[in-house]
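Following: one structure in structure tokens, then a few remarks.
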Protein chains: 2
Amino acid sequence: VMKIVIIGAVAGGASAAARARRLSEDAEIVLFERGPEPSFANCGLPYYVGGKIESRDKLLVAPTERLRQRYRLDVRTLTEVTQINRQQKTVTVRDLQSGDTYDEAYDKLIYATGASAFKPPIPGIDGERVLSLRDLPDADRLHALVRSKGGPSTAGSPDTPQRVVVVGAGFIGIEVVENMVRRGVETTLVELSDQVLPPWDQEMIEPLHGLLRDEGVRLRLADSAERFEESESGLSVHLKSGEVVDADFAVVCIGVRPENVLALEAGIACGDRGGVITNPHMQTNDPDIYAVGDVTEVRCAVTGEATQIPLAGPANRQGRIAADHIFGRDSEYRGTQGTAIVGVFGRAAAMTGLSEKVLQRTGLPFEKVYVHPADHAGYYPGATPMSLKLLFSPEDGKVLGAQAVGINGVDKRIDVIAMAIQAGMTVYDLEEVELCYAPQFGSAKDPVNMAGFVAAGVLRGDQPVVHAKEVHESAMGDSSGPYFLLDVRTPSEFSAGHVDGAVNVPLEQLRERLEEVPRDRDVAVYCKVGQRGYMATRLLMQKGFRAKNLSGGFTTYQNVDAS
Amino acid sequence: VMKIVIIGAVAGGASAAARARRLSEDAEIVLFERGPEPSFANCGLPYYVGGKIESRDKLLVAPTERLRQRYRLDVRTLTEVTQINRQQKTVTVRDLQSGDTYDEAYDKLIYATGASAFKPPIPGIDGERVLSLRDLPDADRLHALVRSKGGPSTAGSPDTPQRVVVVGAGFIGIEVVENMVRRGVETTLVELSDQVLPPWDQEMIEPLHGLLRDEGVRLRLADSAERFEESESGLSVHLKSGEVVDADFAVVCIGVRPENVLALEAGIACGDRGGVITNPHMQTNDPDIYAVGDVTEVRCAVTGEATQIPLAGPANRQGRIAADHIFGRDSEYRGTQGTAIVGVFGRAAAMTGLSEKVLQRTGLPFEKVYVHPADHAGYYPGATPMSLKLLFSPEDGKVLGAQAVGINGVDKRIDVIAMAIQAGMTVYDLEEVELCYAPQFGSAKDPVNMAGFVAAGVLRGDQPVVHAKEVHESAMGDSSGPYFLLDVRTPSEFSAGHVDGAVNVPLEQLRERLEEVPRDRDVAVYCKVGQRGYMATRLLMQKGFRAKNLSGGFTTYQNVDAS
Ligand SMILES: Cc1cc2nc3c(=O)[nH]c(=O)nc-3n(C[C@H](O)[C@H](O)[C@H](O)COP(=O)(O)OP(=O)(O)OC[C@H]3O[C@@H](n4cnc5c(N)ncnc54)[C@H](O)[C@@H]3O)c2cc1C
Ligand SMILES: Cc1cc2nc3c(=O)[nH]c(=O)nc-3n(C[C@H](O)[C@H](O)[C@H](O)COP(=O)(O)OP(=O)(O)OC[C@H]3O[C@@H](n4cnc5c(N)ncnc54)[C@H](O)[C@@H]3O)c2cc1C
Ligand SMILES: CC(C)(COP(=O)(O)OP(=O)(O)OC[C@H]1O[C@@H](n2cnc3c(N)ncnc32)[C@H](O)[C@@H]1OP(=O)(O)O)[C@@H](O)C(=O)NCCC(=O)NCCS
Ligand SMILES: CC(C)(COP(=O)(O)OP(=O)(O)OC[C@H]1O[C@@H](n2cnc3c(N)ncnc32)[C@H](O)[C@@H]1OP(=O)(O)O)[C@@H](O)C(=O)NCCC(=O)NCCS
């Protein structure tokens, strides 16, 4: 019988094992897991720490007993694989409880070791009060710290709130922050970049900075931890800026690195960023060894380039594909699109495909538009606005990426656009998609249609757009700058705040006041979100003016400006 | 200059006008609207009646003043077009206030009259107490009736609750019912079909029957109103079953008919169901006359057949396309997929593409699967189950339709599958789609992936399925019926209710108890939702048994059985 050995028994590994069992009732399947439990919900760890998930048992998605009984898997927890012996087709393992070491033979090996929290060589980072959050033991430590008010701090009375420094504002850092605040812990968030959630584009994320501050988070952007100094009573985190933040403990969430040591030692090919290289069947350069999940390098589904995108969905599906291929099926992984979402204080930020940052880096031509629609019909109570950015090819309109931030319905729109990307659809297709509409759920023209309308209008030349950065430069210069700035909002909107140097002619009066707009200059029109600006742009263009619309209007402008 | 005349100034008509203005600042655009207001939210009417939308003004999406000032449209409300004079290229109109009649010339005419509530020739249906809900005046009438407790009833004290009979349980009928209950009106719902929401498949909707009853709705399925008898004190609704329901008023919601009279009279071609026939540019057989919205016949985007699907999104997009074509653009309508959603008492029912009913009617080959996943990760608080049915081609796996019912996240999954249909994707594509995942929003294997896995497994022969109807027949026969019924749930699940004649062997014990399963018979395996049944099926198939899995498990079975 076929003997499959799997290193790592969580998202990728356990999924591969489960699928392998369904494909072969007879196969011998051994799962090695260093940690205390297989198949746990990594993604739930921050919420367990924060008390949102009350019971630790909930995190055990498929407990050992179920894997044994239902799937007939040979699960060996607290057992670490220490070496892959490709010649012998064995792995060397150590039982972490007994200390015993033995070799286990395989026909096929699945390497699913995941990625470990990156800890750069900063003085003091290995101290007891400097934690990270990857696995159950990490979560247990943090949980024990925060659930008892006052925690390990001896700095004050037991009622003194605890203080934490979270280093790194990627999605795990943000989730940790939210859950620390949930626990009443005074939280400082330090991030090297000038924004939280660096994979997103800055102007989309800007509103979250205010939100975090409103929730009491002390935000330290464009700064970094340089030294951790531990004392009996706490921890001092020395920042690059010179600031010293006193805390009870720190959580370092500055990214993950493929847990590739065994692979490297065994001569399994890894990419530049350390991920194990596989073919679409998840096979490594050793055809008997597969690699799945965070430890692998993936192909970006949009650019085709090699990259690292550590996400649970891809890990699960890759595990399934590896099992398929072992049993002679030709399932192929299609690459990772980078569809991701994070919730924080009632907001959601989601993205799929390429960001503007990545597009700039790759040099691919792109155009972008912003819309700020409501999640459902405005006339039905409870509608909330979202910001949606669509990135697309100026050549054929192909959708390249999208980002959305808002309270409700953000996940839905990004999922819909993720489908468009997967299907190779264009902005012209988005104009025509037919989505669910009743007033509680959407609009007759869904935000996705709207984004499609606007983007298609840009490509058709109906709506030439100018972006906030250019307008900003215009506003910063004197009034003879490149653009004449025309604000078509109402006077009261205008007086509540506008772009420096802009002239206000409300859309409703524009037809009668055309003489106030110069014919010999480029005109940048704007309104609150871009829609009235678009109508004014159409009007002006047809009357012979050189008009462009500020995409996303004053709303997007303010977020870009703020940076 | 181009002169465009539009008949009907709401979803299709107003959208066409708005787009036309953007495409041509100079065009003369006249909008005739019989009703008091243009551009109102038809879809919000039930919620205004129910008080969920408090202010009537909210229903006026683009009030007359805005259409005039912002869009420079010549809006003429309370003005009815009474004739289309194709030879002269004029329409004859009557000012409903002054009674004046005049002709208005057009270069291009857009016919956007919508659909009127169908009122079959039942005795008494034209009485004062028998209402329907299509437009603002209808809504005003109903609103006035229900907001004052006791309403027009003189049958008791002013505190006696009002009573209504809603005839027809399509999505408008259901929305009316919800809002009547919201107002404290005692509600009887009469529906000819044996289920509410007839466009959906019965087993998907079955759970809503219990929900409606739990909310106090008196449900009369497979029955119909035959006679309305009005008295001073109220209304008696005589049902086909013989039952007489006393009420204060009735609301008839038994579908709509294209408001096609002017078209027919003018010799504009209409289809069998009365809808105006157009080409993909929304042009009728008279190239100067376009038709958009509910008054048109549309092509089903999946089958290509002519059909009537009265929905707001299509009406809006068709209006936009007609305007495009008038100004020389080749925009084409792609047909209607039938993506629809309705909310009722905290539940949502959504669908896209073809239902099983329609598939049966068309004779297209299809297969189906059911899954009952949670809307988000089960380990995160607040997860709620949904039922999702996927219909697909057994030949190439192409997705043909989907339906979902649940509390949360139903709209998202149907929208995602609507995209798959639009893109011509298959169930194999659904296996690989990459959707947003964090535990509040979804699962690492999203319900859409799950439906894809199961459907692909069926097509690959990994998971032969049997459907509830067949199993039901087996259960009704003696124990030597076609299937040996194997329940692989736990003994406590089994004893709480099972299929008649089933034998219980929990999945966890199946490997040790194989001798209890006959080798010479077809075995129908089931569990609660289908997942353990699948694993048992895999196990049995590989051990030489003739096993099939009951798709959707006992959950789907119970809903089919109940009918
Ligand atoms: C706090 C947190 C929150 C997250 N939230 C999300 C989210 O919301 N959405 C999302 O998509 N993703 C999220 N992720 C990422 C997601 O969990 C990972 O992408 C996914 O778990 C990767 O699966 P994997 O199988 O590759 O690795 P893992 O799930 O990490 O499993 C690898 C396992 O291998 C074991 N192992 C490693 N080396 C050895 C060895 N030598 N011997 C034996 N065992 C070994 C490890 O102990 C580990 O348990 C989150 C991750 C974390 C840590
Ligand atoms: C109560 C209700 C709830 C609904 N809910 C939803 C929903 O949740 N989702 C969804 O997608 N759809 C919903 N709909 C359907 C949606 O409103 C229609 O599909 C859409 O409005 C059709 O647009 P239309 O322009 O074709 O017709 P309409 O919007 O009906 O507009 C036609 C207009 O033409 C006018 N008119 C007709 N004849 C003449 C004439 N001879 N002269 C002058 N004017 C004339 C009428 O007065 C009417 O105002 C709902 C409809 C109703 C009634
Ligand atoms: C749970 C785990 C062990 C995988 O087990 P699995 O059996 O593949 O589990 P799933 O619940 O995902 O079920 C998917 C399977 O059930 C089938 N299935 C699901 N619902 C079904 C239904 N109603 N009817 C029939 N089959 C069904 C699917 O087809 C699929 O089988 P296939 O892969 O052979 O096609 C693994 O995913 C895991 O350990 N997860 C937790 C860790 C993790 O993912 N962490 C990161 C996120 S927090
Ligand atoms: C409102 C109504 C008059 C249409 O007007 P409209 O100007 O087309 O309005 P919308 O709000 O839909 O805006 C869409 C337009 O704004 C543009 N737009 C939207 N947001 C934009 C933004 N942020 N930046 C630039 N342009 C934007 C779109 O591109 C589109 O223009 P296009 O069609 O030329 O591409 C018409 O749809 C209507 O009467 N609706 C109410 C009735 C109804 O639909 N009932 C049924 C449902 S309840």
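The values are calculated or read from the model by the stated rules, or taken from the named source; none is laboratory data. All of these numbers come straight from a predicted model, not from anything done at the bench. Cβ sites come from the backbone with ideal geometry, for glycine too, and all protein chains shown count toward neighbours.
Worth pointing out:
- Residues considered: B:VAL81, B:VAL91, B:VAL5. Of these, the only one that is outside any helix (DSSP H, G or I) and over 32 Å from the mean Cα position of the chain (by Cα) is B:VAL91.
- Restricting B:GLU508, B:GLU516, B:GLU470 to residues that are farther than 26 Å from B:PRO381 by Cα, without any contact (Cβ under 8 Å) to a residue 60 or more places away in the chain, among the charged types (D, E, K, R) and loosely packed, with under 15 Cβ neighbours inside 10 Å narrows the list to B:GLU516.
- Unique match (being touching a Leu at 6+ places or on another chain (Cβ under 9 Å) and over 20 Å from A:GLN558 (Cα atoms)) among A:VAL196, A:VAL217: A:VAL217
- Segment A:308-321 residues that are among the small types (Gly, Ala, Ser), paired with ones that are not in a loop (DSSP other than H, G, I, E, B) (beta carbon under 6 Å, 6 or more apart): A:ALA312/A:ALA11; A:ALA312/A:CYS43; A:ALA315/A:ALA11; A:ALA315/A:GLY12; A:ALA315/A:GLY293; A:GLY319/A:GLY12; A:GLY319/A:SER15; A:GLY319/A:ALA16
- Which numbered condition A:SER24 misses (of (1) within 12 Å of ligand 1 (Cβ to nearest atom); (2) under 29 Å from B:ALA547 (Cα atoms)): (1)
- Unmet criterion (only one of (1) surrounded by fewer than 24 Cβ atoms within 10 Å (Cβ to Cβ); (2) hydroxyl-bearing (Ser, Thr, Tyr); (3) at the interface with another protein chain (Cβ under 10 Å from one of its Cβ atoms)) for A:SER495: (3)
- Looking only at residues of segment A:351-376 that are within 14 Å of another protein chain (Cβ to nearest Cβ), assigned to a strand (DSSP E or B) and crowded, with 23+ Cβ neighbours inside 10 Å, we find that the one that is nearest to ligand 2 (Cβ to nearest atom) is A:THR352.
- Hits in segment B:57-101 (condition: hydroxyl-bearing (Ser, Thr, Tyr) and within 16 Å of ligand 4 (Cβ to nearest atom)): B:THR64, B:TYR71, B:THR77
- In segment B:3-31, the residues that are more than 14 Å from ligand 4 (Cβ to nearest atom) and more than 13 Å from chain A (Cβ to nearest Cβ): B:LYS3, B:ILE4, B:VAL5, B:ILE7, B:GLU28, B:VAL30
- Here A:VAL427 clears all of (1) surrounded by fewer than 24 Cβ atoms within 10 Å (Cβ to Cβ); (2) of a type in the set (A, V, I, L, M); (3) modelled with pLDDT of 95 or more except the condition numbered (1).
- Matching residues in segment A:524-547 - criterion: being over 18 Å from B:GLN69 (Cβ atoms), more than 12 Å from chain B (Cβ to nearest Cβ) and surrounded by fewer than 24 Cβ atoms within 10 Å (Cβ to Cβ): A:VAL529, A:ARG546
- Residues in segment A:9-66 that are hydroxyl-bearing (Ser, Thr, Tyr) and either at pLDDT below 95 or not in a helix (DSSP H, G or I) (or both): A:SER24, A:SER39, A:SER55.
- The lone exception for B:ASP294 - which of (1) buried (at least 23 other Cβ atoms within 10 Å of the Cβ); (2) of a type in the set (Asp, Glu); (3) free of Cβ contacts under 8 Å to residues at least 24 places away in the same chain it fails: (3)
- Restricting segment A:254-273 to residues that are within 23 Å of the chain's Cα centre (by Cα) and among the acidic types (Asp, Glu), the residue that is nearest to ligand 3 (Cβ to nearest atom): A:GLU259
- Considering the conditions (1) of a type in the set (A, V, I, L, M, F, W, C); (2) closer than 17 Å to A:ALA9 by Cβ; (3) within 23 Å of the chain's Cα centre (by Cα); (4) more than 9 Å from chain B (Cβ to nearest Cβ), A:LEU59 is excluded by exactly one of them, (4).
- Looking only at residues in segment A:408-438 that are more than 7 Å from every other protein chain (Cβ to nearest Cβ) and in a loop (DSSP other than H, G, I, E, B), the one that is farthest from B:LYS52 (Cα to Cα) is A:GLY424.
- Of all residues in segment B:303-315 being within 18 Å of B:ALA402 (Cα to Cα) and more than 11 Å from chain A (Cβ to nearest Cβ), the one that is surrounded by the most Cβ atoms within 10 Å (Cβ to Cβ): B:THR303
- Residue, surrounded by the fewest Cβ atoms within 10 Å (Cβ to Cβ), within segment B:338-350, restricted to residues that are touching a Cys at 6+ places or on another chain (Cβ under 6 Å) and not in a loop (DSSP other than H, G, I, E, B): B:ILE341
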